[in-house]
Each structure stands twice: as structure tokens, then as C-alpha cells.
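The values are calculated or read from the model by the stated rules, or taken from the named source; none is laboratory data. Because the structure is predicted, anything quoted here is derived from the model rather than measured. As a convention, Cβ positions derive from the backbone with ideal geometry for all residues, glycine included, and neighbour counts pool all protein chains shown.
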Amino acid sequence: MKNAKLCILTSLAVAVTAGMAALPTSSAAAKTLVYCSEANPEGFNPSLFTAGTTFDASSRQIYNRLVEFDRGTTNIVPALADSWEVSNNGTTYTFNLRSGIKWQSNDRFTPSRDFNADDIIFSFDRQRVDSHPFFNVSGGTYEYFQGMDMPSLIESVEKIDDLTVRFNLTRPEAPFIANLAMDFASIMSSEYADQMLAAGTPEIIDQEPIGTGPFRLVDFQPDAVIRYAAHEDYFRGKAPIDDLIFSITPDSSVRFAKLQAGECDVMPFPNPADLDAMRADPNINLLEAEGLNTGYLAFNTERAPFTDVRVRQALSMAINKQAIIDAVFQGSGVIAKNPIPPTIWSYNDAVEDYAFDPDAARALLAEAGFADGFSTNVWAMPVQRPYNPNAARMAELIQADWADVGVTAEIVSFEWGEYLRRSKDGEHDTVLLGWTGDNGDPDNFLAVLLGCSAAQDGTNRARWCHQPFEDLIQAAKRTADVAERTSLYEQAQVISKEEAPWVTIAHSRVFEPISSRVSDFRIDPFGGHVFYGVDIQE
Amino acid sequence: MTVTDQEQAEQTAQATTEIEQPSPLRQFWSSFRENHGAVVGLFTIIIMIGIAFSADLIAPHDPNQQYRDFLLIPPMWQDGGNSQFIFGTDPIGRDMLSRLIHGSRFSLMIGAISVTLALFFGVTLGLAAGFFRGWVDNLIMRTVDIVMAFPALLLALAVVAILGPSLMNATIAIAIVALPQYIRITRAAVMGEAARDYVTASKTAGANTLRLMFITILPNAMAPIIVQATLGFSSAILDAAALGFLGLGAQPPTPEWGTMLATAREFIRRAWWVMTFPGMAILITVLAFNLMGDGLRDALDPRLKE
Amino acid sequence: MLTFLVRRLFLVIPTFVGVTLLAFALIHLIPGDPIDLIAGERVVSAERRVQLEAKFGLDKPLHQQYLIYMGHMLQGDLGDSIVARRPVVHEFFARFPATVELSVIAIFLAVIVGLPAGILAGVKRKSAFDHSVMAVSLTGYSMPIFWWALLLILLFSVNLGWTPVSGRIDVKFFFDRVTGFMLIDSLLSGQEGAFKSTVRHLILPSIVLATIPLAVIARMTRSSMVEVLTDDYIRTARAKGLSRLRIIDIHALRNALIPVVTVIGLQVSVALGGAILTETIFAWPGIGKWIIDSISRRDYPVIQGGVLMIAATVIVVNLLVDLLYGVINPRISHA
């Protein structure tokens, strides 16, 4: 042992003389916040990826967008854009940009100018124009941009002057401003891009990001730790904390142990089973809020017997949702009666859910010609999601409930990618899935998940195309008037309940256990984590 | 290693036989009996098999019955326990003890099926390699090398991913991963035997190839294979549990022990019994097979005893 | 010696090609592909799928994909990760030191505990010590590793608070990664407490990973000792009146170690395989966890590259063991 130590010491001496002195630690006065994140980010360019973890590590700390969601709400506020005007026909959006916004710098890059319209053009054209020099850099997959239908929606992005840009759209689109607040629309530096392109290493801009946001990336060790430092010249003022550290910790019970041990200050996605222990711990504040999500069971309405609305209604009545809330969510969820969560405007509270009633279910099944029941399957996702913390367990409960009304259901599970694809192709009888909102607009739930075109392309797992419903949501998309849209969506929700393409199961509550030293942390309804504005006591 | 053990065992065994001539089975039993651990292992296994066969009779509850008013009840000796559920209940109110009892069926079944599969194919291929030598040997052994360059768990994972997650597919994957061991051991034992006089004698007497392989050589090369099969049982149970833990084994609501552990992970702090008992069950079963395997090895290789 | 080395290396080549082929075949036989996962709950349209397949080179026939891959591999290029969009080689070496560090410490632990315990048990056969070593090692050998890890975490990290729960070092330490081995880098940093923190983080994962190798090494050493001690030449030595200690030291030990070295070599590949589970549980940022994550994301280039690198490591270790075998066992000549 002693010899080994000596050996190490010798190599140490050699290394030090070789001039590889280590960096000094940050001074004791610096305020550091440690966030135990749940997974490794895919990368640092939010437009290339779709995972919330990646957004937490990139767009939400490093970048800004033209407009943003006010921290902790779904309200849209000006950010890089001061103000904007929409033309009367709803197809031209003109943004007036804020002046004097500083870019961050790193070892490779020192900005020579402030943020301007060129950066906006760059950030959108990279994702939009396939001849753009950056279009194919880093794999060039812009799935959110694609998914929000941006390529066919945006006709052009024009620079009017350094601080004015105009978006010309191909059609009126009420949720457009909300879309621009999404992570994929983060603004990157075109000057940095030009320099890296000239240096022959364009992919660097996606790995060593430069943004206008409150934190700049200092160091990233895959699967272990991400370090950020506050951006001194941030346009809203420097963040109260100096250093932000993401300690990557995939297991939720391990995250809790670290939080208790003071090894981290904020943790996402606690185990529902641990919530009581967290409430009891005096050093932990358990914040909670309504989630912007819905977990559902979709009937494949193209397959018998689910073509019959009575069967769908009967099986809806047969499920004991309260038992699911108790056993699967451990109380960390609420029963869902609409496809959209109550936090979204236009939520129709007047809709009445099917009550749990096995007798009525049996009667209705008999009426539909299935007095002796039938055999079917329930697909259970292999992954944990905010809208469904344990699909296998949920499926076991549903299986037992349906067995009670004579329906035999086999539980089926595939690996996640396979699950998504096969359910998209409609190979299931019934499937458990869910959705977390992207932009707080009802269209983002009702059209994406239950619309007719979605039944074609597969996001509508019920494969349900019902004309009266479709007419309502299409009308709502074309109007900018919020009151009118609200009324249309409220009617749509009534129809979706009567027709029962889904059993709406639950909206989860979002819990964020934080150390009692942390102040002004606000739960992001989109499930993200924003650390600008958060402070910590030493 | 096994080759030399085996050769030595043969020599010693032959030497002893010449002098005393007791029945081989009796001789085996008398030396096996001396190893107390092995006897304990044997009896544990017999009890396990008994439990597995009579699970329907002895389990106090239906293993899939959900008592929704009794979620996560601790074992009866703890505060809040309920004598109805001796080992407590799981997150959806199923009786732990009944699930553990029924789980013994799956673990033993996985062991039995995967060992049988691996034994059948492994012995055949190993016999062919050791008997024919030449290109057959080369082909088989190079393939074995390739398979063995993969970490076993990774290979099993890939096979299950290809076949789709289920108990049966996990069993097949485990058998495939274990194959190289059986091939190598059989080949080594066969090569040790093939050079013996009795084989040459049999050959000159005009015995055909198949007869030579399966009737003349194989029975004499069986000892290390039997030991490997016993130990294979325990590694099969462990591998199945690992696959179940990674979500690729038995599917719900099957009360397989590894799968029970996987779903129990989130309760590690709140409900220790959900995690502890299935792990104990695995440990005890695997330990029993290893003890017995050890005893078998000693009994079949008297040289290691005094 | 040299000819032996050349011959062995020559034999390794077909094995390695076989490994690439098998890995490639297995990966592409797994249903589903990375494109399904790119969009999550939303879906990739049919025409977009065609574009993405072309982008990732998945549109070509499989044998062509394999030949292209092999061509690139010969130039040292293992492709880009579909998830991280970075070269696989780069991603691999960012994580490999973590796995090596953990495996080496675990094997070291297994050897320094297992070897003496096995020798002593073999010498004092049938003693209480022998029985307890055998009982403990058999139990370790029978342990479901993930369960064992969880129990240790529950006891030492959660209930007693003696060891950190996961990771390689306390995040408050930040220094240059000179070697990638945290034990060395933390010393190099000169920061107070950094080395201690690294050691504390290593304790539980290395115990877990060492459990099975330790059991195997102890058992193997014991039976090897027993075998050698009953050999004729030892009896002769004993008859010649050599002291018991001297017999154990010179004659027995050397011969008993021969099979043990092979076993230790085999345990390196066991440890690399075991690292998959251990790393997943302890959030250890090594290649085991990386490959598991990549399997569930169908990141073909990563799975392929990672498996090849592991296989290559195993092959190299086996080669080293063979060489070492020759050194300690003069009866085998490599000429």
C-alpha cells in the first residue's frame, strides 16, 4: 500500500512539473446550487432534441427566445423581443427586438457585437432551409420544429433592420406565438456559428453552447456532472446564485438520499412512495403544483368491439380510477375527466365523468352484445412518465377491474421505441399513454391527440376521427379570439367524453422537493427546471 | 482445470473400484453425505420443489388477488401488520408470501428449462467438437470464443430484446448465454476420454461413430457435466432475476422473484419487505444449488477430500 | 515468446471479425430503431422517416451498412452517436476510465482479500476458518448482485450515512481531468479532501463489483492449494524434513497460483460484465451504463462500438493472462 501511494505521489510530482496545474476552486463566498438531474442531456442545442432533460440543461439556462413563458406559469411574456404586431389577416408577425443584449463567451469565442436580427434569422433558417450550411450539422434532426409543422407554416423570416424581424406565415395559426416560446425556438449566435464554420468545426456550437441566457456552460462530464456559471451581463440582471451544478442521478430514491444528505438542493421526479417522508423532513420543502399532463387509456376505435361506443363507455365505467390514484400515483395525481388538464384555459369543468359502476358496465356490455365479456389486451408502457409513474401496475389494476365485468385483458409490453411505433400503427386493442403539454394551448392536446389528421399519422392512438369534434377544433385554430376559442374547445370536450375514445385516467401533480435553504424556486408547469431567480442561503 | 480434476477423479475412482468394489451409487452417496453443506442444499432444494408443486395448496391467498384496502401492509410482526398477510402486501395489495411461494415455480422452471436446453445443445456440440476434432472442432470452438467475448448479461439482454420480453424468451436467452460453458466442459472431458484404451478397444471392435460418442464416451465424461448443470441451475436463476430486474424477464402480473424486485425498487425506503423477501428467496435457492453442486463435485472427485 | 505472441494475435483477428459480425447482426435483429425514439410520444411522419434513415445511413442494405462500418473501423472511426451526435470513440474514452478505475479497484480488492483467505483456508483445511471462508464466499457467489447493492446502499448510505450514495466524487470538487482516473486526478488537483471523497465514493461500488470475483478467487485458491499440498512432491518435501511454512511458501504457492492467475484473468471480463449492473445502480458514469442506455435508445453506433471495445479489452486481457501464465509456469514454453 505504501509503495503504491509513493508511486502515485511521484507521478503527481511529475505531472505538476509538467505544468498541468489544476484549476483553483471557486471562492468560498460564491453561492452554489446543486440540482440532481434525472438523466444525461442528449446535447446542448435544444432544437436538435426533444427530451425535457436536454431542455433543462440547455434552453432553460443558457438560451433565450423571442418570447418566453413567465417563470412558473404558462403566460407568454416578452423576452428577446420587446413587442410584436400581428397583421389583420393573421399571417405576418413583426417583432421589435430588445437592444443591448450581450452574448456569453467561452475559451473559443468572444462576441464582438450584441444580439441582433441576424441571430434570429440564423436560428430559424438553420432548421428550415435545407441548403443552409448548418442544416445538416450534428445530425440535423429538428423534430420539434417538424412536429409543430413549422416548415410548412413559415414562408420566410425577414430582417427589416438590426432590431426588427418579420415572420411571414402561409396561413393564420392562433398558437404561433406560444410556439415561439418553446425550447426549439431558442436563439443562437450567428457570429459564433460563422467563426466555427470558418474554423471547420461547425458542430462545436452545439457542444460548447453560447447563449444570451442567465447561465453559461463551464464543464460537462457525460453521465456525471454539468457545471454552469452565472452570466454577468444577463439582460435581466445577473442570477442570484453564482454557480449552478447538475449532478446527474438517474435513480429517484438515490436523488432523495442525496437531497437528505445535503449533496443536492433541488431534485426532480420524486418517487410517489417517498412523498410522506419528504413532507416529514424539516430540512426539505416539498413544493407541489398541478401538472400540465394527461395520462389516458386509448381504445383502438378502428377495431371491434371498440367501434361500439357502448363498449368504450362500459369499460370506462368499469375502471376504478380512485384505486389507480391510490396505488399508482400514491395520491400524487388527480382523476382526469377531460383530455386537457385543468391548468389549461378552456378546461370544461361542467363535463361529468363516468362514475365507477361495475353493474352499469355489465349491463351496458350486455346491451352491446357482450354479456359474456370478450378478450382483449392492455398495452403498458415500459417507461416511467410524469403522466404515468408505473404503467405496468396501472395495467394490473385495470386488468383486475375489467375481469370483474367479464372482460379478459392480457397485459402487453414492448421496449419503448417499439411500443411507440406499434401503437402509432394501431396494433393495440387498448393502450396506455399520455401527453405533457408543450405550449399551454388546448390545440396542443385536442388536435394533436384526437384530431383526424392525427388519426392518420398516429399520434391519435385511439385512431378516432369524429367529424363534429374535428369541425370544432379546426374552427378554433383559425380564430385569434380567445373567448370564441374557449367556447369551441369546451364543446369539443363534451363530445370527447360522450364518445369515450379514451378513458381519461389522471393528471399527475408535480412535486419538487427542495432544500429549505433554497428560496424562490417555482415549479414550471411544463415540467422543466428554470434556475434564474432562485436563491440559496449559505 | 476441470480436465485435470476429471482425469484424476477417474484414476482414483478406478483405483478404488478395483480394491473395494462397492456400488458406485452407494460410494457416491457416502462421500456426498459427509459434506453437510451439500446435504443442507439438497434438502432445501427438495423443500423448494415441494413448495413449487403444492403452491396452490399452501399459499394463503391467490398470488394475483388485489386487496385494495391493504396496500403495502408490513409483515405481521411489525407495527401495522396484519396476521392475514404474514409477510405483508405489495403496492397493489397482493399477499407477499403467496407471491413468493408461487414465484418458486418460475425460478425452478427457468432453471430446469434453461439447463435442459443448454445441456442438450452444449453436450451435443461439445461431443462433436471433442470427438471429431479438425474443422468441426475449429468451427465450434471459434464460435464459442466469439460468444464468450461478449459480456454475458449484455448478450442475454440482446437476445431478449430480439425475441421480446417474456419469461420463456428470458429462459432461452439464459440457455444461449450458458451454452459455451457446456460446450467447453464437454469437449475437454471427451478429449480426455477419447485417448483411453477402452475407447480404442471399442473402436477396433467396430462400434459405429454414434455408439462411440454417446454410449462409449459420454457416460464416462458425465461427471463434470453434471456438476456444471447443477451450478448452471443457480446461475440461470440469478440471470433470470437480473433480466427481470432490468424489466426484460417475466411480465406482470407473474410473481417471478426478479420482476418482483424490479417493481419494488421505488419502495426501498418506505417498505423494506417488498424488496427484502424476494431477494432472500433468490439467495436461498441459489445458495442451495451451489452447495449441492459443491458436494457433487467433491463426491465425484474424491481426490479433493481426505 | 515472440512467435507465440504473433500466433496468438493472428488467432485473435478472426475472433474479432466474428465479434463485429455477431454484434452487428444482433443489434439489427432487435426490433425498433432509433428513429422511433427521436420524437417520443409525438410521431415521425413517413416522409420524415425516409429522410432520417438516409441521414443515419440506415437506408442501405444491411450487408452494405456492415461493410461501410468495417471500412470506417479500420480507419479508427466508429461512427457518430445517434443520440449525442458526437464520435463514438470520443464518447467511449470520456467514460472508459471510470469503468477501468472501478474494475481495477474491485479486482484488486478481490485479490488482496480472496488470495490470502484462500491460501489460509487451504492450508488450515477443515478448520473453523476454512469453513467460514467457504461459507462466506459461497454466499457471495450466490448473491443477486443488484439486490446486494441495494441492501448496501440502504444500510450504509441511507441508514448510517457512512458512504455517499452515488457518483464518483463530491460535486463541490472541480479540477482538470488529466488522466480520467479520479483517484489520480484528485491527488493531482492538490485540493484538500478531494482524494478522500473519491475513495469514499469508490467503497460501495467496488465492494459490490468485487463480491463475485472475490468468492471465485478464494474458492479457487483454496482448492488449488489443497490439490498441490496433497501432491507427491510436497509429500516428498515434507518427508525430506522441510519446514511446513517453507513448503507452503516455495513449492505449493507457486504451483497453486498457476490456475489462480487464469481465474483472475477471467474475472476481469466478469467484472466488465458486472459493471453493467453495478454502474446502473450506483449511477457510475462508465461504459456499462452508457451501453445499457444506448440499447434502450437503439443508438446503433454506440452499442456496436461499445461492445467491440469491451470485447477487445477482454481479448487483450486474456492474451496478457496467457503470457503471464508462461512466466509463472516454466513447464509451458511458448517457443
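The table that follows gives values for the structure above.
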{"read-out": "Matching residues in region A:492-519 - criterion: being without any contact (Cβ under 8 Å) to a residue 40 or more places away in the chain and polar (S, T, N, Q)", "value": "A:SER519"}
{"read-out": "Enumerated helices (runs of 4 or more DSSP H) restricted to region C:1-103, each holding at least 2 residues that are within 8 Å of another protein chain (Cβ to nearest Cβ) and more than 30 Å from A:PRO386 (Cβ to Cβ)", "value": "C:2-29"}
{"read-out": "Restricting region B:196-239 to residues that are of a type in the set (A, V, I, L, M, F, W, C) and free of Cβ contacts under 8 Å to residues at least 40 places away in the same chain, the residue that is farthest from B:ASP90 (Cα to Cα)", "value": "B:ALA205"}
{"read-out": "Sole residue being at the interface with another protein chain (Cβ under 7 Å from one of its Cβ atoms) and either of a type outside the set (S, T, N, Q) or crowded, with 22+ Cβ neighbours inside 10 Å (or both), chosen from A:ASP251, A:ASP242, A:ASP233", "value": "A:ASP251"}
{"read-out": "Top-ranked residue of region A:137-152 - restricted to ones that are over 15 Å from A:PHE122 (Cβ atoms) and within 8 Å of another protein chain (Cβ to nearest Cβ), ranked as farthest from the chain's Cα centre (by Cα)", "value": "A:GLY139"}
{"read-out": "Where A:GLU538 falls short, out of the listed (1) part of a helix (DSSP H, G or I); (2) modelled with pLDDT under 95", "value": "(1)"}
{"read-out": "Members of region A:309-335 that are in a loop (DSSP other than H, G, I, E, B) and modelled with pLDDT of 95 or more", "value": "A:ILE319, A:ASN320"}
{"read-out": "Within region C:257-291, tally of residues that are more than 15 Å from the chain's Cα centre (by Cα) and farther than 30 Å from C:GLU227 by Cα", "value": "3"}
{"read-out": "Count - residues of region A:238-271 that are without any contact (Cβ under 8 Å) to a residue 60 or more places away in the chain and either assigned to a strand (DSSP E or B) or aliphatic (A, V, I, L, M) (or both)", "value": "3"}
{"read-out": "Top-ranked residue in region B:109-126 [being surrounded by fewer than 21 Cβ atoms within 10 Å (Cβ to Cβ) and among the hydrophobic types (A, V, I, L, M, F, W, C); ranked as farthest from the chain's Cα centre (by Cα)]", "value": "B:PHE121"}
{"read-out": "Identity of the residue in region C:279-305, basic (Lys, Arg) and facing another protein chain (nearest Cβ under 7 Å), that ends up nearest to C:LEU151 (Cα to Cα)", "value": "C:LYS289"}
{"read-out": "Exclusive hit being hydrophobic (A, V, I, L, M, F, W, C), facing chain C (nearest Cβ under 10 Å) and without any contact (Cβ under 8 Å) to a residue 40 or more places away in the chain, set B:ALA242, B:ALA262", "value": "B:ALA262"}
{"read-out": "First in region C:300-316 and under 22 Å from C:LYS55 (Cβ atoms), second anywhere and surrounded by fewer than 24 Cβ atoms within 10 Å (Cβ to Cβ) and among the charged types (D, E, K, R), Cβ under 9 Å, 6 or more apart", "value": "C:TYR300/C:ASP33; C:PRO301/C:ASP80; C:VAL302/C:ASP293"}
{"read-out": "Filtered residue count, region A:72-87, keeping only those that are of a type outside the set (Gly, Ala, Ser), surrounded by fewer than 19 Cβ atoms within 10 Å (Cβ to Cβ) and closer than 30 Å to A:TYR228 by Cα", "value": "6"}
{"read-out": "Residue satisfying all of: in region C:302-319; under 15 Å from the mean Cα position of the chain (by Cα) and small (Gly, Ala, Ser); nearest to C:ALA271 (Cα to Cα) among these", "value": "C:ALA311"}
{"read-out": "Selection count where residues are within 9 Å of another protein chain (Cβ to nearest Cβ), within 24 Å of the chain's Cα centre (by Cα) and of a type in the set (Gly, Ala, Ser), scope region B:265-286", "value": "1"}
{"read-out": "Pairs, first within 12 Å of chain C (Cβ to nearest Cβ) in region A:432-446, second among the polar types (S, T, N, Q) and surrounded by fewer than 23 Cβ atoms within 10 Å (Cβ to Cβ), C-beta under 6 Å, six or more apart", "value": "A:GLY437/A:ASN444; A:ASP438/A:ASN444"}
{"read-out": "Only one of A:ALA174, A:ALA178 that is in contact with a helix residue (DSSP H, G or I) (Cβ under 7 Å, 6 or more places away or on another chain), of a type in the set (Gly, Ala, Ser) and in contact (Cβ under 8 Å) with a residue 12 or more places away in the chain", "value": "A:ALA174"}
{"read-out": "Output for region C:46-65, where each listed residue is within 15 Å of C:ASP36 (Cα to Cα) and surrounded by 15 or more Cβ atoms within 10 Å (Cβ to Cβ)", "value": "C:ARG48, C:ARG49, C:GLN51, C:LEU52, C:GLU53, C:LYS55, C:PHE56, C:LEU58"}
{"read-out": "Tabulated pairs, region C:123-140, first more than 8 Å from every other protein chain (Cβ to nearest Cβ) and without any contact (Cβ under 8 Å) to a residue 40 or more places away in the chain, second in a helix (DSSP H, G or I) and of a type in the set (A, V, I, L, M, F, W, C), C-beta under 7 angstrom, 6+ apart or interchain", "value": "C:PHE129/C:LEU120; C:PHE129/C:ALA121"}
{"read-out": "Any hit, region A:498-521, residues being more than 19 Å from the chain's Cα centre (by Cα), farther than 17 Å from A:CYS264 by Cα, surrounded by fewer than 22 Cβ atoms within 10 Å (Cβ to Cβ) and not small (Gly, Ala, Ser)", "value": "yes"}
{"read-out": "Number of the condition not met by C:PRO164 [criteria: (1) buried (at least 18 other Cβ atoms within 10 Å of the Cβ); (2) within 13 Å of chain B (Cβ to nearest Cβ); (3) not in a helix (DSSP H, G or I)]", "value": "(2)"}
{"read-out": "Test: residue in region B:136-156 that is over 21 Å from C:VAL314 (Cα atoms) and modelled with pLDDT of 90 or more", "value": "yes"}
{"read-out": "Pair list, Cβ < 7 Å and 6+ apart or interchain, from region A:275-289 residues that are assigned to a loop (DSSP other than H, G, I, E, B) to residues that are surrounded by fewer than 17 Cβ atoms within 10 Å (Cβ to Cβ)", "value": "A:ASN283/A:SER516"}
{"read-out": "A:TYR228 being of a type in the set (Phe, Trp, Tyr), more than 14 Å from every other protein chain (Cβ to nearest Cβ) and surrounded by 20 or more Cβ atoms within 10 Å (Cβ to Cβ)", "value": "no"}
{"read-out": "Those residues of region B:127-164 which are surrounded by 24 or more Cβ atoms within 10 Å (Cβ to Cβ) and more than 11 Å from chain C (Cβ to nearest Cβ), in sequence order", "value": "B:ALA129, B:GLY130"}
{"read-out": "Residue within region B:234-247 that is at pLDDT below 80 and over 30 Å from B:MET191 (Cα atoms) present", "value": "yes"}
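Listed here are the residues, each with its yes/no results for (1) among the β-branched types (Val, Ile, Thr); (2) surrounded by fewer than 14 Cβ atoms within 10 Å (Cβ to Cβ); (3) modelled with pLDDT under 95; (4) part of a strand (DSSP E or B).
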| position | (1), (2), (3), (4) |
| --- | --- |
| A:GLN61 | no, no, no, no |
| A:ARG65 | no, no, no, no |
| A:ASN89 | no, yes, yes, no |
| A:PHE95 | no, no, no, yes |
| A:TRP103 | no, no, no, no |
| A:SER112 | no, yes, no, no |
| A:SER123 | no, no, no, no |
| A:PHE135 | no, no, yes, no |
